[in-house]
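Report on the structure given below.
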Amino acid sequence: MRSIVIAGNWKMYKTRAQTREYLATFVPMIQNRSSDRNVVLCSPYTSLETLAEGLEGQNVGVGAQNLHWEKEGAFTGEISAPMLQELKVTHVVIGHSERREYFGETNQTVLKRTQAVLAANLIPIVCVGESKAQRDNNETETFIFQQLDEGLDGVNLAQVIIAYEPIWAIGTGETCESEEANRVIGLIRQRIKGEQVPILYGGSVKPTNIDELMAQPEIDGALVGGASLEAESFARIVNYVD
């Protein structure tokens, strides 16, 4: 049976003080969750240590939002796997659409980052997804397959999590219909030949649609952006009704 993963991506939000305040509310609300639900919180680098300390013993993963593929070097502004390991990070988000759009991420750099994450025995959450123009031009499958083929070339998928995030549904309030998300995720699973790989849906996931999304047979969880910033909201998503 594939793992269920509910991951929250805080993006560039929350100071350390705000992180502590969040956890004081969030942790008690998820303690009675089903044991098969893996929860991960992905914070800015500055909050990772605070997050790890506050989640100690709670069986909740700590995720970074990126990393460089080299262990060290003259890469101003970057962070390496050993640095994240020291902070007790367990997961790393790779290839988020915002990294691709604003910071020059390519399928080739996604591959190098993913390889570095796996070499450090961390778990990558590799993001793929199409734009509105690509969807309108019936290029969804072609584009995503290229992301998969190039970004996961030769990668051992045993420790990989994939997140399907249609770009047109991220932060827009427009959610991909659950049946369509299920269809695309099914195609992704066929393409990678990864029956046991958890594939998450991301894109305006909210407490009001999580139950419907998780009822779909191909969807193994969610990568949640804005709705993960409020403790009560994200706790409801973690505690979805199945």
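Given +1 at the Cβ of Lys and Arg, -1 at the Cβ of Asp and Glu and no other charges, the dipole of the chain around its Cα centre is 440 debye to the nearest 20.
In this calculation the C-beta distance from R2 to E72 is compared with R0 = 35 Å, giving a FRET efficiency of 0.50.
Would you mind counting up the charge near S47? Only other residues with Cβ under 12 Å from its Cβ, with Lys and Arg at +1 and Asp and Glu at -1. Residues close to S47 contribute a combined charge of +1. Amide H contacts of A163 (H built 1.01 Å from N, in plane; Pro and chain starts excluded): V126, C127, V128, L200 sit under 5 Å, all sequence-distant by 5 or more or on other chains. Only lysines eight or more places from K11 in sequence, or on another chain, were considered; those with a Cα closer than 21 Å are K88, K206. Let me know the shape class of the range 4-238, please: from the alpha-carbon gyration tensor, a ≥ b ≥ c as square roots of the eigenvalues, rounded when a/c is under 1.5, otherwise prolate if a/b is greater than b/c, or oblate. It is oblate, given that a/c is not under 1.5 and a/b is not larger than b/c.
Computed from the C-beta positions of Q146 and E177, the FRET efficiency with R₀ = 22 Å rounds to 0.40. Note that the range 41-48 has calculated 3J(HN,Hα) couplings of 10, 10, 10, x, 4, 5, 9, 4 Hz, one per residue in order, obtained from phi through the Karplus relation 6.51 cos²θ - 1.76 cosθ + 1.60 (θ = phi - 60°); glycine and proline are x.
Taking a ≥ b ≥ c as the square roots of the eigenvalues of the Cα gyration tensor, the range 126-169 is classed as oblate, since a/c reaches at least 1.5 and a/b does not exceed b/c. Rounded to the nearest whole Hz, the Karplus-based 3J(HN,Hα) values (6.51 cos²θ - 1.76 cosθ + 1.60, θ = phi - 60°) of the range 142-152 follow the sequence 4, 5, 5, 4, 5, 4, 5, 4, 8, x, 10, with x at glycine and proline.
Please give the residues of the range 28-62, grouped as numeric ranges, whose backbone N is less than 12 Å from a label point set 7 Å along the Cα-to-Cβ vector of T15. Inside the label zone: nothing.
Taking 8 Å as the Cα distance limit and 6 or more residues as the minimum spacing, I'd like the relative contact order of the chain as a percentage. Write out the running numbers ahead of the final one.
Working: 464 pairs, mean separation 53.8, N = 242.
Relative contact order of the chain: 22 percent.
Between E230 and R191, full extension at 0.36 nm per residue minus the direct alpha carbon distance yields a gain of 10.5 nm. Taking 0.36 nm per residue of separation and subtracting the Cα-Cα distance, full extension of the segment from S34 to A119 would add 27.6 nm. When both the range 32-89 and the range 138-212 are represented by their alpha-carbon centers, they are found 22 Å apart.
Students often forget the sequence filter, so: which lysines lie under 27 Å Cα-Cα from K193 once same-chain residues fewer than 8 apart are removed? Filter leaves K112, K132.
Residues whose amide H falls under 5 Å from that of V40, counting only those 5 or more places apart or on a different chain, are I6, A7, G8, G61, with hydrogens built in the peptide plane. Taking a straight Cα-Cα cut-off under 16 Å and skipping sequence neighbours fewer than 8 places away in the same chain, the aspartates and glutamates within cross-link reach of K14 are E49, E53, E230, E232.
Each Lys and Arg adds +1 at its Cβ and each Asp and Glu adds -1 at its Cβ; summed about the Cα centre, the range 26-82 shows a dipole of about 260 debye.
Each reported figure results from applying straightforward, stated rules to the coordinates on display, with no laboratory input. Note that this is a predicted model, so its numbers are computed, not measured. Please note: Cβ atoms are built from the backbone with ideal geometry, for glycine as well, and neighbour counts cover all protein chains shown.
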